[in-house]
Amino acid sequence: MACGCSGSVKAGQSTGLGTVRRRPDGHHIVVFERPVRHSVERVWSAVTAPEERAVWAPGIRFDPAPDARFDIWFGDDCEGPSHVSGHLSNFRPPRSIALGSIAIELAPAPSGCVIQFSDVLWFDNKRTKVDFANAVLAGWHRFLDTLEIWLNEGRPALDLPEPDYARAFVEGRDSLGSL
């Protein structure tokens, strides 16, 4: 898994702001690929250990086991559902896990690992697809920033603002306007 977060960016690679891609089944997903200075095992622990996740992502709860139940509670300012639940899938420690439509994959890299995070865009018809994608991108960007702060500094950063995606270039997002 390559990451386009530094150097030249190739088609299909993330610039750190994420990309919007269309899957073969017709659904659109947001994808982030981020290099981090920590091992796959360290990042896996931060994502799956309940005591760690409770500090940096308290709204996400699950036991790290195949087919375990997960619950995600979104903040009050989230425009989507306030709660989502289901069962873990693609549980392959310490490399991948899926919580419903959210997938996290970890790959070793020379200076740590690369996190690939993706989520399906479930359009709500309350706003344009581009506006909806911007909201999802901003929320998950903030989530990944919070994870990195936890890994790098060992502290929660739950008060981070979400970036303004209306002004950012995101590969693939413009294709949503014509759908």
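The values are calculated or read from the model by the stated rules, or taken from the named source; none is laboratory data. Keep in mind that what you see is a predicted model, and the values were worked out from it rather than measured. Note that we place each Cβ from the backbone using ideal geometry, even for glycine, and neighbour counts take in every protein chain shown.
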Go through (1) surrounded by 14 or more Cβ atoms within 10 Å (Cβ to Cβ); (2) of a type outside the set (Gly, Ala, Ser); (3) closer than 21 Å to Pro94 by Cα; (4) in contact (Cβ under 8 Å) with a residue 60 or more places away in the chain one by one and return the number of the condition Asn152 breaks.
(1)
Scan of the stretch 112-147 for residues that are of a type in the set (Asp, Glu) and within 12 Å of the chain's Cα centre (by Cα), ordered by number:
Asp119, Asp145
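Just name the residue that is modelled with the highest pLDDT out of those in the stretch 17-31 that are surrounded by 17 or more Cβ atoms within 10 Å (Cβ to Cβ) and part of a loop (DSSP other than H, G, I, E, B). Give the steps one after another, and end with the answer.
Going residue by residue through the stretch 17-31, those that are surrounded by 17 or more Cβ atoms within 10 Å (Cβ to Cβ) are 17-20, 28-31.
When the remaining residues are screened for being part of a loop (DSSP other than H, G, I, E, B), the result is 17-18.
Working: Leu17: 89, Gly18: 93.
Taking the candidates together, the pick is Gly18.
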Could you check how many residues of the stretch 81-118 are at pLDDT below 95 and in contact with a helix residue (DSSP H, G or I) (Cβ under 8 Å, 6 or more places away or on another chain)?
0
Residue by residue through the stretch 32-70, note down the ones that are more than 17 Å from Phe117 (Cα to Cα) and part of a helix (DSSP H, G or I).
Pro50, Glu51, Glu52, Ala54, Val55
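Restricting to the stretch 45-76, name every residue that is hydrophobic (A, V, I, L, M, F, W, C) and farther than 15 Å from Leu99 by Cα. First the steps, then the outcome.
Within the stretch 45-76, the subset hydrophobic (A, V, I, L, M, F, W, C) is 46-47, 49, 54-57, 60, 62, 65, 68, 70, 72-74.
Result: Ala46, Ala54, Val55, Trp56.
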Name every residue in the stretch 104-142 that is buried (at least 21 other Cβ atoms within 10 Å of the Cβ) and more than 26 Å from Pro64 (Cα to Cα), in order of residue number.
Ala133, Asn134
In this structure, is Trp56 closer than 26 Å to Phe132 by Cα and among the aromatic types (Phe, Trp, Tyr)?
yes
